[in-house]
Amino acid sequence: MGIRVQGLVKRYGTVPVVQDVSFEVRTGELVALLGPSGGGKSTILRIIAGLDPADDGEVWLDGARVDALHARERQVGFVFQHYALFRHMTVEQNIAFGLRVQGASKEHQRRRVDDLLNIIGLRGLGDRLPAELSGGQRQRVALARALAPEPKLLLLDEPFGAVDAKVREELRRWLRRLHDEVHTTSIFVTHDQEEAFAVSDRVMIIQQGRLEQAGTPLEILDAPATEFVARFVGDVNVLAGDVVDGRLGLLALPVAGSGPMHVIVRSYDLKFWRADDGVAVVQRVTPLGDRVRVEAILDDGAAIFAQFPRRSSLLTGIGAGARIAIEVTHARAWPARALPGEHKCPS
Amino acid sequence: MLLRLGFGTYVSALVAAPVLAILYEAFAGGLPACIAAITDPVAKDALLLSLGLSAVAAVINGVMGTAIAWGLVRWALPGRKLLSALVDLPLAIPTLVAGILLVALYGPQTGLGRVLGGWHMDIAFATPGIVLALLFVTLPFVVRVVEPVLAELDPAEEEAATTMGASRWLTFRSVLLPPIVPAIAAGTVQVFARSVAEFGSIAAVSGNIPHHTLTAPVYILGEVEGGSPGSAAAVSAVLLVLTLILQPVSRGLVQAAGSRRV
């Protein structure tokens, strides 16, 4: 069941949290809303579910406008960040709740609950209380509970935000597999780009209540539409200054145009090598598992960093204090202007 | 060791000794005399009135206290702090003064009292006045037990129920209510226990008419002053035993309410 959102606007008092957001999600797609915390992603999700009213705009589910429908009539499954399991009900009762509301027969409820317990890998734990489960298990129960009444659309609000890193990675892979099995059209909110790219068919970048770009993970990575997206996605250097004849300070850059620019260079789009006539001095070499991060200071004082595969031949002779030459193999430039909500993004 | 013995002796002397003394006094004239004192028509009516009106007060404050707690927790009311302070005010007011306040508002000489009296709705010096006094004095009990339990519930649980199609009533009944039932019960029992024992406010507001508005605690004082310590002790013993039963019940419920928190 497809969903279309048109011109969504939401303000808290005078503060705009969602500004003219429009997008479409096709039937069976799994889409991520990705962006910094507080950017309005969860609000969009809550408006779609009918939990919060929009100030303006339209929500269409399955070809029908649903703005006037109460949350309980929209047939949308919602998974909350902190599970929101009914604490006094067992796992089975939690999963069966939506079916009970629909007035499904006891027999049907039992069969569906058994199926879902199998799918989420918690068979035999049906009579536990939520308090007796681990965080990852609780989130899987929450997902099963949302799926049980066979919703038209599944919304997940930071579904893995409350579990630790290792469990999160497991849940991610599991969610992707689950989606490939049940094909429920799904939108999930995350501020973790790795999570968004790993799980979803398409990613929508939301910042300060605006949709910056929508596209497949590859499109977002290879063709960022705005400077914000270029900065937000991946681990990047931001070089600010006057670009003249393809040079910015000591660096030659493969960019067109000239004038004051912000040049965005991903950490894997440049090469360092040992050279006494180079332009920078290595400050620090940090091993990161299969990769190594090298930080250097250019002779004009600018900081720059790059990442290399652990066994890269480029690393020969590179250590703190070594002089290096730099080649930028790929870069993107935007005319310099103040960015709204400018900040350094976590990798 | 000596210190512990000292504590034990002090608490025993302070609490246990008077309790034993009143039980001794109640049964000093033998069991038949004790039963006779309790089943005396005035005493019996006083006890029944106390129990009945306390039950009414407990039910009303059980419901209203829960509603107030819900409002305090879930609504960002502009006057939230003031409302919260008002709820606690009855604890700070001497109960006798509380009774006087009610007479000042509803008494037959007041404007409101005259209007209500014209409609044959006497409040002061009638049972509604006693119930009002009990509601006033015990207002904080349910609110303060239910409030923290409600505050720990995640509103997302109710939202989850809503997205699954549950009606407001079903959400209330099956999601919101079950986790707070022990707290409501604990508060209600406390209201009942406190109401049965309430003296000051009732003495001021009830008019103390035997068979009509004379409650057990006020009856007891009357017996003491009237030189019948035996019957005072017998009725006191009834209230005492009731308290001894209700207190552990209430405590168990409070614990159950706490342990439901996840």
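Entry note, chain A: relative contact order of 16 percent, from Cα contacts under 8 Å with a spacing of 6+ residues. Each Cα pair under 8 Å and six or more residues apart adds its separation to the average, and for the range A:242-306 the resulting relative contact order is 25 percent. Taking a straight line from the alpha carbon of A:Lys106, not one of the lysines sits under 19 Å away once near neighbours fewer than eight places off in the same chain are left out. Leaving out same-chain residues fewer than 8 places away, which aspartates and glutamates sit with a Cα under 13 Å from that of A:Lys271? Within the straight-line cut-off, A:Lys271 pairs with A:Glu295, A:Glu327. Each Lys and Arg adds +1 at its Cβ and each Asp and Glu adds -1 at its Cβ; summed about the Cα centre, the protein assembly as shown shows a dipole of about 700 debye. What shape does the range A:3-227 take by its C-alpha gyration tensor, where a ≥ b ≥ c are the square roots of the eigenvalues and a/c under 1.5 counts as rounded, a/b above b/c as prolate, and the rest as oblate? Note, shape of the range A:3-227 comes out prolate.
The alpha carbon gyration tensor of the protein assembly as shown gives principal lengths a ≥ b ≥ c with a/c of 1.5 or higher and a/b greater than b/c, which makes the shape prolate. Think of each Lys and Arg Cβ as +1 and each Asp and Glu Cβ as -1; about the Cα centre, that makes the dipole of the range A:236-334 roughly 480 debye.
Counting Cβ atoms of other protein chains within 10 Å of each Cβ in A:86-94 and taking the mean gives 4.
Partners of A:Lys10 within straight-line reach, counting aspartates and glutamates whose Cα lies under 16 Å from its Cα and excluding those fewer than 8 residues away in the same chain: A:Asp20, A:Asp52, A:Asp55, A:Asp56, A:Glu58, A:Asp67. Can you tell me how chain B classifies by the Cα gyration tensor, rounded, prolate or oblate, using a/c under 1.5 as the rounded cut? In terms of gyration-tensor shape, oblate. The mean count of C-beta atoms from other chains within 10 Å of the C-beta of residues in B:152-159, rounded to a whole number, is 5. Here the range A:1-58 is treated with +1 on each Lys and Arg Cβ and -1 on each Asp and Glu Cβ, and its dipole about the Cα centre works out to around 160 debye.
Using the Cα centre of chain A as origin and beta-carbon charges of +1 (Lys, Arg) and -1 (Asp, Glu), tell me which of A:Thr90, A:Ile48, A:Leu116 is placed farthest towards the positive end of the dipole. Positive-most Cα among the choices belongs to A:Thr90. Which one, B:Gly107, B:Leu77, B:Pro32, projects farthest toward the positive side of the charge dipole computed for the range B:11-122 from Cβ point charges (K/R +1, D/E -1)? Most positive-ward Cα: B:Leu77. Give the separation of the Cα centroids, the range A:130-199 to the range B:87-146, in Å. Each part's Cα centre sits 55 Å from the other's. Shown in residue order for the range B:92-99 are the 3J(HN,Hα) couplings computed by the Karplus curve 6.51 cos²θ - 1.76 cosθ + 1.60 at θ = phi - 60°: 8, 8, x, 5, 4, 4, 4, x Hz (x for Gly and Pro). Of the candidates A:Val182, A:Val18, A:Val113, which one comes out as most mobile in a Gaussian network treatment of chain A with C-alpha springs shorter than 10 Å? Result for chain A, Cα springs under 10 Å: A:Val182 fluctuates most.
Here, each number is a calculation from the coordinates, and none is a lab measurement. All values derive from a computational prediction rather than experimental measurement. Cβ sites come from the backbone with ideal geometry, for glycine too, and all protein chains shown count toward neighbours.
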